[in-house]
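Worksheet for the structure shown next.
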């Protein structure tokens, strides 16, 4: 490994340790929180759309997000490890068979829709979150049943 690759891998490890980047692919709907500086103020601006491309080149990795704003298609390229990208959230998983979805540029309305992936691996919740949610649901049911039993005993 030459010197440049070694330095890049060290920087990549440092940047990856500082933030959590979700697994996402082209076709997924993502919400990117971008830091915007206006004068002395700094705020977060959300950009939600379909990821149409990913470029995996180490430190220079980037992804392209496309959304329709006021009837016009807007695309924005985000560097994956940029300090201006605060968070990336996967809103929905898309079921596509291409790595680059540039064909969406020529489509509007219903023709530009992407089917949602429905396999067990693509759910919005992880297995641990699903287990916690089901336990909470069971506990809520048990509490409701206990309250109903107390009401019937009072009568």
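Listing for the model above:
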| quantity | calculated |
| --- | --- |
| Any hit, segment 92-110, residues being under 20 Å from the mean Cα position of the chain (by Cα) and in a helix (DSSP H, G or I) | yes |
| Cβ-Cβ under 8 Å pairs, at least 6 apart or on other chains, segment 118-146 side surrounded by 10 or more Cβ atoms within 10 Å (Cβ to Cβ), far side at pLDDT below 80 and not in a helix (DSSP H, G or I) | 130/123; 133/125 |
| Restricting segment 1-40 to residues that are touching a strand residue (DSSP E or B) at 6+ places or on another chain (Cβ under 7 Å) and closer than 16 Å to residue 81 by Cβ, the residue that is surrounded by the fewest Cβ atoms within 10 Å (Cβ to Cβ) | 22 |
| Odd one out for residue 18 among (1) in contact (Cβ under 8 Å) with a residue 12 or more places away in the chain; (2) more than 18 Å from residue 106 (Cα to Cα) | (1) |
| Test: residue in segment 41-52 that is surrounded by 14 or more Cβ atoms within 10 Å (Cβ to Cβ), in contact with a helix residue (DSSP H, G or I) (Cβ under 9 Å, 6 or more places away or on another chain) and not in a loop (DSSP other than H, G, I, E, B) | yes |
| Residue 59 assigned to a strand (DSSP E or B) and either modelled with pLDDT under 95 or not assigned by TED's automatic domain parsing to the domain that holds residue 29 (or both) | no |
| Number of the condition not met by residue 72 [criteria: (1) surrounded by 13 or more Cβ atoms within 10 Å (Cβ to Cβ); (2) over 16 Å from the mean Cα position of the chain (by Cα); (3) closer than 25 Å to residue 114 by Cβ] | (1) |
| Cβ-Cβ under 7 Å pairs, at least 6 apart or on other chains, segment 96-111 side closer than 9 Å to residue 52 by Cα, far side in a loop (DSSP other than H, G, I, E, B) | 99/26; 100/26; 101/26; 101/27 |
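The values are calculated or read from the model by the stated rules, or taken from the named source; none is laboratory data. If you're wondering where the values come from, they're calculated on a predicted model, not measured in any experiment. Glycine also receives a Cβ, built like all others from the backbone with ideal geometry; neighbour counts cover every protein chain displayed.
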